[in-house]
């Protein structure tokens, strides 16, 4: 019994000694041992986690990490027999794959490393993909595996953008120092994941070889983010912007398209000229500090809202804009029309964008109470940051009457969009509020963060201001914004199929040393369709060259091109065809429209009286007492034909000859088409047919 106790005490003392020694090594001598490990080339290093992916609104990949591999080799591992028998073939295969060196070069390189008893050799700095890695693992020596052949494939994740340059600045980047831009940088905390740790040994030449001692901690993959971007619309927006920038030799431009109700950004493009005079996405002007600038005439909407809210002014009231110039203290205000507009109504002042008219009305009403004007701007959500999801967003600069730089001319100039700064995104959020029944919603570009399909965080539409103005004022300004396009400065983008509402903007640029130069910041902000807004959009083009340098000539046509494309792709926006073309119910319910000769043959065979009122090939059936009269089905080359009542056999060649891609559902005759009859034709667009 005594021997057992002695043995137990000895074992206990030994255990305590071991624990003490471990603790001393870990906590007291830890730094010394780490230093010693580093001296012999051992070091624990981070192992990068696989980065999460970025998706568009329909699940298309915008950015993802693809596994590539660095091919390395431990030439000391393979047996002499394996090495000698396989080296010739391996060298030839390496030379053939990489294509940069001869087989003889690779043979000498590997042989020399084995003779020098090197334990780590980078075969080539080119990365190989997963499929090529699998192929290489079947090559001589390499096929023996890492433990017997010495092949080392070090995984390196490289970022890949399937759509190349499309939206590249919005997608952004992240560098080794965790600095960057765009979504990659703004959502790095979820995309990056958690790095692992593993033991590495420093080899000759400065390379680090992983030591697989089972002490490594595994990396945790990053989460994915799902954006609101519509990749097709992104392509349309970017292409339209690029054409305009080239046409006008502008410095830069940006476009943002937003869903009215949700605030979801469907497209955002920024293009600027580089040193080679090529346009590329170098900076996010739509969102960032460098895009923070004087908006010009698009700001007149805010000024007019403040005036309508705080006074009894009616749109039919008059204002004398004079002969093109007006003196505020010691500073001259000018209108774009040199000879002036003379007497204008309030509505005309806005639609013609008279600087003098707007500034006079604001100065006369708010001149003695400028702080009240600023209060209205605050109520409209124009003085506060949007708290947008991307880092680096510009903050509005709105002067306050207490500002030392405030002067007697500040208010009139501010009323037309000078002496203040907004980003294009902020201006768009304001116009979107007008389209959205007065409710300002927060712009959103990321709607979901997820991992393995499971939602980690959802970003739902968020209201910034319940109402930016009263119902009566809202109704008036929506009429004015539509009037701008129907009769005012943007009449060049008027469309008969759907109405656009918006405002042009042309602001002189500030010189480096102060004052204004003869260079312009042009823009158009608005929404469509005007009667039931679904999308809002802003287009900005900076410093266009040439004769046409105003927002109506430069920015508005880009808006129109984008709006037309959206309209053609969205059947819900289309108006139903004219009811005069609806088939009469009763006597001839089946015979409605089609090819004249075919329909005549059918009627004659069935004994139905019919008469031709036209010689055209395609006809509509009209009742004429107890007979059928064939009337012309007007087919215009630039408009969608009317195929309601036709068989699919008749409709298909007619529509396809117009360049339309046809999809249909049901059987029988066509009872509905979208887009409807007479809609503007865009070649390559889709048309949906319902048959019954």
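Where a number appears in this text, it was derived from the coordinates with a stated rule and is not lab data. Computed from a predicted model, the values in this text were never measured in an experiment. Here Cβ is always computed from backbone atoms with ideal geometry, including for glycine, and neighbour counts include all displayed protein chains.
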Subject >> Radius of gyration and Dmax over the Cα atoms of region 260-318, both given in Å >> reply: 18.3, 55
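Once Rh is set to the Kirkwood radius over Cα pairs, what Stokes-Einstein translational diffusion coefficient, in µm²/s, holds for region 234-573 at a temperature of 37 °C and a viscosity of 0.692 mPa s?
On the way: Rh = 20.1 Å.
Taking Rh from Cα pairs, D becomes 163 µm²/s.
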Original post:
Any idea how far apart residue 175 and residue 479 come out in nm if each label point goes 7 Å out from Cα toward Cβ?
Top reply: 5.6 nm
Original post:
Can you pull the Rg over Rh of region 62-162, Cα-only, Kirkwood?
Top reply: 1.00
**OP:** Quickly rank 561-568, 232-239 as a protection proxy: mean count of other C-beta atoms within 10 Å, highest first.
**Re:** 561-568, 232-239
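Normalized C-alpha radius of gyration of region 332-444, against 2.2 N^0.38 Å? Don't skip to the end; give the middle numbers.
Working: Rg = 15.6 Å, N = 113, 2.2 N^0.38 = 13.3 Å.
Region 332-444 yields a ratio of 1.17.
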Subject >> Alpha-carbon centroid distance for the pair region 238-257 / region 638-665, whole angstrom >> reply: 34 Å
Subject >> Rounded Å value of the spacing that divides the Cα centres of region 395-443 and region 59-94 >> reply: 60 Å
Subject >> Where labels lie 7 Å past Cα in the beta-carbon direction, separation of residue 100 and residue 329 in nm >> reply: 6.6 nm
Original post:
Could you list, bin by bin from short to long, the percent of Cα-Cα pairs of region 141-188 in 10 Å steps?
Top reply: 23, 31, 15, 20, 11
Original post:
Given the Cα-Cα distance of residue 159 and residue 108 and 0.36 nm per residue of separation, how much length would full extension add, in nm?
Top reply: 14.9 nm
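Across every pair of different alpha-carbon atoms, what Kirkwood hydrodynamic radius in Å does region 220-377 reach?
Roughly 19.1 Å, rounded to one decimal.
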Original post:
For region 328-375 and region 444-460, what is the separation of their C-alpha centers, rounded to whole Å?
Top reply: 47 Å
**OP:** Calculate, for residue 509 and residue 81, the FRET efficiency according to 1/(1 + (r/R0)^6) with r their C-beta to C-beta distance and R0 56 Å; round to the nearest 0.05.
**Re:** 0.15
